[in-house]
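Taking it in order: structure first as structure tokens, then the write-up.
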Amino acid sequence: MVNDGEVTALAGAMAVQDNALLGLAMGTSLAAGYCDPEGRIRPWLNELAFAPVEYREDAPADEWSGDLGCGAQYFSQQAVGRLMPAAGLPVDGKQTLPERLKTVQRLMAAGDERGRAVYATIGTYLGYSIAWYARFYRIRHLMLLGRVVAGPGGDVIVEQARRVLAREAPALSNGLHIFLPDETMKRCGQAIAAAGLPGTGKGRRERTTGTGGAS
């Protein structure tokens, strides 16, 4: 069994023709996968949704574990919904998180600065968190996926993350490629990578599994 996040990271490495790639998918939660500098998928649990990225005492709590400041609260639809009031956007209590994301996406596309502020804040979170992740992962490439980075808001997230890294961790910033995959990669990359996984020795391919956090 291979987690779908790991297969996505392998597909990203195939796309850029290099290794040391960390993939982050910002959707209903945060999914992650890693391809190491030798091009291997390691037997680690890269569940960064549950890894803390903020340590203030009043950080939002993860609804599943109860832990504070976890990645899922900063890089997902949950983050978008929580940031809307801070950006001056009215929140309809009946709206689901996907509906709130669509609202922010529409505002961003229309040039509303409040929508842009939501994405810029997530980008700031990401810039600092990349520097934190780099303490544990050797990263040359960071690939971003998921509904939260869809559309022009994704470009704002990448731009702001690069700006933070350049200021706070210039050595890391100079050697790091942050990118959003193209449509071909999004649609076919994981399937191509999964097809290339080694067999089990019993005539069957290894299977992939995941929790759906990238949606």
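Values quoted throughout were computed directly from the atomic coordinates according to the rules given, and no laboratory measurement underlies them. From a predicted model like this one, the values you see are computed outputs, not experimental measurements. Note that we place each Cβ from the backbone using ideal geometry, even for glycine, and neighbour counts take in every protein chain shown.
See the values below:
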{"read-out": "Electrostatic dipole magnitude of the stretch 72-129 [Cβ: Lys, Arg +1; Asp, Glu -1; Cα centre; debye, to 20]", "value": "80"}
{"read-out": "Descending Cα extents along the principal axes, the stretch 2-209, whole Å", "value": "56, 40, 35"}
{"read-out": "Leu45 paired with Lys94, simple spin-label distance in nm, labels 7 Å along Cα-to-beta-carbon", "value": "4.0"}
{"read-out": "Using a Förster distance of 41 Å, the FRET efficiency for Tyr55-Ala150 (Cβ separation, nearest 0.05)", "value": "0.85"}
{"read-out": "At most 11 other Cβ within 10 Å, DSSP loop - GluC sites (Glu not before Pro), the stretch 1-104", "value": "Glu38, Glu57, Glu63"}
{"read-out": "Positive dipole terminus of the stretch 2-209, leading residue within Tyr74, Tyr137, Met84 (C-beta point charges)", "value": "Tyr137"}
{"read-out": "Packing-based exposure ordering (other Cβ within 10 Å, fewest first) of His141, His177", "value": "His177, His141"}
{"read-out": "Relative contact order computed over the stretch 2-209 (Cα-Cα under 8 Å; 6+ residues apart), in percent", "value": "23"}
{"read-out": "FRET efficiency estimate (nearest 0.05) - Cβ-Cβ, Arg163 to Gln17, R0 25 angstrom", "value": "0.40"}
{"read-out": "Sorted by Cβ neighbour density within 10 Å, fewest at the top, the residues Met26, Met84", "value": "Met84, Met26"}
{"read-out": "Footprinting exposure proxy for Lys102, Lys94 (fewest neighbouring C-beta atoms within 10 Å first)", "value": "Lys94, Lys102"}
{"read-out": "Cα-centre dipole for the stretch 2-209 with unit charges at Cβ (Lys and Arg positive, Asp and Glu negative), debye to 20", "value": "440"}
{"read-out": "Sparse-neighbourhood loop sites, chymotrypsin sites (Phe, Trp or Tyr not before Pro) in the stretch 24-122 - DSSP loop, at most 11 other Cβ within 10 angstrom", "value": "Tyr55, Trp64"}
